[in-house]
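The values are calculated or read from the model by the stated rules, or taken from the named source; none is laboratory data. Model, not experiment: these values are computed from the prediction. When we count neighbours, we look across all protein chains shown, and the Cβ atoms used for this are built from the backbone with ideal geometry, even at glycine.
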Amino acid sequence: LSLSQFPLGRRLPCDIYWHGVSFHDNDIFSGQVNKFPGMTEMVRKITLSRAVRTMQDLFPLEYNFYPRSWILPEEFSLFVDQVRMMKDSDPAWKPTFIVKPDGGCQGDGIYLIKDPSDIRLSGSVQSRPAVVQEYICKPLLVDKLKFDIRLYVLLKSLEPLEIYIAKDGLSRFCTEPYQEPTLKNLHQVFMHLTNYSLNIHSGNFIHSDSVSTGSKRTFSSILCRLSSRGADVKKLWSDIISLVIKTIIALTPELKVYYQSDIPVGKPGPTCFQILGFDILLMKNLKPMLLEVNANPSMRIEHEQELSPGVFGNVPSPVDEEVKVAVIRDTLRLVDPQKKKRKEGHLAGLHMVSYKNKIDVKSNYLMCYRCQALEHISEADEELLDTGQTDRPGYDSAGSPEADLPSLCLKQVFPKYAKQFNYLRLVDRVAALFIRFLGVKGTTKLGPTGFRTFIRNCKLSNSSFSMASVDILYIDITRRWNSMGIEHKEPGMCLQAFVEAFFCLAQKKYKSLPLHEQVALLIDFCEYHLAALDEKRLVCGRG
Ligand code: ADP
């Protein structure tokens, strides 16, 4: 493995590009890159909330792992009205809400409120888009402290969908004992927010010298404790796995739109993979809730510490090392082009390039580190994360150069469990229709002509739904989406607006069925007519 840094970019082709920020760090036409186009935009608080909400509209029960959320400022009155209605119907409900600025990180600008009228909508904040969501008041506590989990997930491929989850993660602790929110303690960030970057400034922060103590521990050490208390750790893992798969299913439709726009079919381009950081909160009843997804999770394995009064320096962090080194090592093993080349009989060298690299791990360390995932976890989730041969295609076989390496800590969960989750992938199929009618390559928005062609080719217009009504539908929905003020430089209908129009059409055509059935029927209808059209064109072409 030859790993070099090219801070100014590099023209010669590489096998793997390791970008520090996004897909667009450097122009690439081949190899593999560790970022998907559009991922940074997709995991922003507002975009993620929207994508999950679309799925909640279709499958409310399956997507109840994400707190009820509203987008500010545009849904402020909806938020006020809905909260009032819910309070009226259940006077015992005394909610707390958390307001998070869009695009913020590390707890920046976050605050808690008891009443919708406490939102800081005045002055400059008004223009700052944010998400307000129901605050989870009863989190699971360990040592009386609130904590969250950072899990690393490898999205190895979008088409076909391939997802891996790391067997171990980090648990990040608050530094003040937790109390349920009251007007008196709402502002106490060390009690309510688990961000490392905040709690490090608390006098109570304890740098962990083992994986099971201090303010940052391994998730497996928490699982050990829970299982010794008799908790069903196997069920917890299976819930976490389905949370991760469902979240990625919510993100894939828009990611595919970005992908075809940056890497059009038939043009030379790289393939992509990406390590994502999932932030998950466990409720008291052990139900995992998704807080957010990070497109660029920190891979630091050191932390800053005051070595002597006023003197700060970087010292190794054993907990970070334990978890992160294994994630990077396994990612490189899984995307290793040598593996493919070996199969094809080539012996070309592997070159890897990194830009503005955040990985502090030494490259030789990557290959010799032992993954020490606790045995009881792999036993507990046997059915979901079994360690059988199917999990390690091509690995650890006698005689292979990898025979001496530790077993993989990244476990494949998709397509492994595809059968259980494929029924949720309706919006993916709507996105495929959208992409088909986008026309000119390189765009992410559908023009009015593209929308009309979609309606005509899918035979959706009839005497009760004229082409004039089609145009009105297009204009109404597009105008509303484009007035919402996020990245709307390009005119036209974005995927989310198309999805809304599609749901409208489905409701019109198949009245009084649940929404997901209406949408599934309309997709079948469209796909059927498009397949018939393609066949006709093929026959005519031949003729
Ligand atoms: P940031 O990107 O700024 O870290 P997060 O969405 O991760 O924003 O929120 C910061 C912290 O606030 C989380 O780590 C968690 O401790 C707490 N938090 C966020 N959302 C909720 C919620 N809905 N209920 C309870 N705690 C939450």
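Key figures
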quantity: The stretch 251-302, subset among the polar types (S, T, N, Q) and assigned to a strand (DSSP E or B), residue farthest from ASP239 (Cα to Cα); calculated: THR271
quantity: Test: residue in the stretch 216-228 that is surrounded by 21 or more Cβ atoms within 10 Å (Cβ to Cβ), within 20 Å of the chain's Cα centre (by Cα) and either within 16 Å of the ligand (Cβ to nearest atom) or not basic (Lys, Arg) (or both); calculated: yes
quantity: Some residue of the stretch 150-173 being among the hydroxyl-bearing types (Ser, Thr, Tyr), over 17 Å from the mean Cα position of the chain (by Cα), outside any strand (DSSP E or B) and within 13 Å of the ligand (Cβ to nearest atom); calculated: no
quantity: Residue check for GLY38: closer than 29 Å to PHE502 by Cβ and either modelled with pLDDT under 95 or touching an Asp or Glu at 6+ places or on another chain (Cβ under 8 Å) (or both); calculated: yes
quantity: Set THR54, THR96: member being polar (S, T, N, Q) and over 19 Å from the mean Cα position of the chain (by Cα); calculated: THR96
quantity: Test: residue in the stretch 405-424 that is closer than 22 Å to VAL519 by Cα, in contact (Cβ under 8 Å) with a residue 60 or more places away in the chain and of a type in the set (Lys, Arg); calculated: no
quantity: Among residues of the stretch 508-543, those that are small (Gly, Ala, Ser) and either touching a residue at least 12 places away in the same chain (Cβ under 8 Å) or surrounded by 11 or more Cβ atoms within 10 Å (Cβ to Cβ) (or both), counted; calculated: 2
quantity: Count of residues meeting criterion [in a loop (DSSP other than H, G, I, E, B) and more than 27 Å from MET55 (Cβ to Cβ)] in the stretch 225-250; calculated: 3
quantity: Residue count for the stretch 25-54, restricted to those that are farther than 28 Å from ARG68 by Cα and free of Cβ contacts under 8 Å to residues at least 60 places away in the same chain; calculated: 1
quantity: Only listed residue being of a type in the set (Val, Ile, Thr), over 30 Å from LYS256 (Cα atoms) and within 16 Å of the ligand (Cβ to nearest atom), chosen from VAL142, VAL132; calculated: VAL142
